[in-house]
Amino acid sequence: MPNRSKQGELFHQIIASMHSAMQRCSRDHKDKQIYPYNSQEQLIENLYLWYDEIKTDLDRLKKHLPAYGFTMKDICGYMKNNAIKLVQPETDEVWRSKGTLAPSDFFINARYYEIPNTWYNRRQAILHLKDIPLRFSPKEIQEIVGTIVSALPSPGNNFPKKFREAANLSELYDLWGELIIYAETGEEARNEESSGTNILIASKGEIEKLYPLDLRTAGSSRQVLVNYASTSLISNRFVSDDYPEEWRHYLNTSESDTTIDIVLTCPQTSAEMDAIRFKMKPRHLKGDPRDIIRNNIVELRKRIRETETKVTLYLTDICLPCAYFLNEFHNEEHLSNIKVDLYLPNFSVYDDTIWERDAHLIPPGMGSDAEIRQSFVVENRGRQKEIYWIFKFNIEEIIRHSKRLDISSSLRDEEVEANLQAIIEEFRNTGKNFY
């Protein structure tokens, strides 16, 4: 065994167990590239690229190494037993003065990186893993994380307890991210840094990166979507590129025992006109925006026929101030969560003189939905419970004041269209009576 430091030994144990577990799980997949690294050295070279300071230093090392006859495999072989260390910028002169070098000589006066084991950093580590991409199942992820935890020296850490208490895929991923940082720093996460202590508000695009769809929905009993058109989930004929690929297959892969309620803006109402003028502004738009909601209803019927997903569709004439995505876990209520997208008025306009892949385009410098909309996620636990229940009550009230449109696969298209027209007429009459 190499003469390792305490931190080097810890790093080696975590990397070795992670690599072997991911290799073992990948053998059962048709896609053998689900885990693309053949060695621990390759894993080390790529595992921490989400952390800017490490990425910068590794890029600098890659630039210098050829002059000394070394490769990144040589360097990562050293790191495998010593953890990743910061290489000081001024050491190139020292390297040259030594003449013949060994991999360890590249780390003269080096120090370990001090990566805070915060929720944000753990999430960045996991998002980087998912980008590799790693398409392991929840059961396989549990096996991988369990293998890493079992390899750690015990007692002296809280990871066995955290692993036993991990209640869902999101918590397993969070623990995996904590272990990646722990390998480099030896520092566990502190309880007060959990995601349940505050609410992060950011652009819609950023929140969807930090809170991926599968981490919010996996294992939920009921899902409720309240928004203008649900184009990102239902149809891709009108938009492109603003939405991650996972959204495009959402309805096709929803768990069979999950019920889904969807509330859309009713076509041919003042609410739809408000949405078209100020709210629905994807970067790319194909066709007439007045056709989006109606075509999404048609597409939703098609998805239901193909997948037998349990979907109930409602239409509303409310000018929605925000979109909701509720995930309820009936047996584990503390896991329930709501994603909220604020519908700030968007005054961007499509430039008919600019086309990209047969789509109208919002010009650079003018914001699309992913950039203008501000989003956040609230959970049914900790300090967020009160606001969670306020939003949940509002969601149920919106459903109660909406009209159900029967889109059963047993109905003919003409019957669905007749039912839709009846709802449109009812909303129009309600508006007339109000005034």
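Rule-based calculations on the coordinates, nothing more; no lab input. Values in this document were obtained by computation on a predicted structure and should not be read as measured data. Ideal geometry is used to build each Cβ from the backbone, glycine not excepted, and the neighbour counts take in all protein chains shown.
Remarks
- Placing a label point 7 Å from the Cα of LYS130 along the Cα-to-Cβ direction, the residues of segment 364-403 whose backbone N falls under 16 Å from that point are 376-378.
- When you count the other C-beta atoms within 10 angstrom of each residue and take the mean per peptide, 36-49, 171-184 line up highest first as 171-184, 36-49.
- Ratio Rg/Rh [Cα only; Rh per Kirkwood] for segment 389-433: 1.12
- Which of MET273, MET18 has the fewest Cβ neighbours within 10 Å, and the rest in rising order: MET273, MET18
- Distance (nanometres) between label positions extended 7 Å along Cα→Cβ at THR430 and LYS62: 5.7 nm
- Residues THR307, THR118 arranged by fewest to most Cβ contacts within 10 Å: THR307, THR118
- Chain lengthening between GLN13 and GLN42 when straightened (0.36 nm per residue, less Cα-Cα): 8.9 nm
- Peptides 291-303, 385-397 ordered by packing proxy, namely the average of other Cβ atoms within 10 Å per residue, highest first: 291-303, 385-397.
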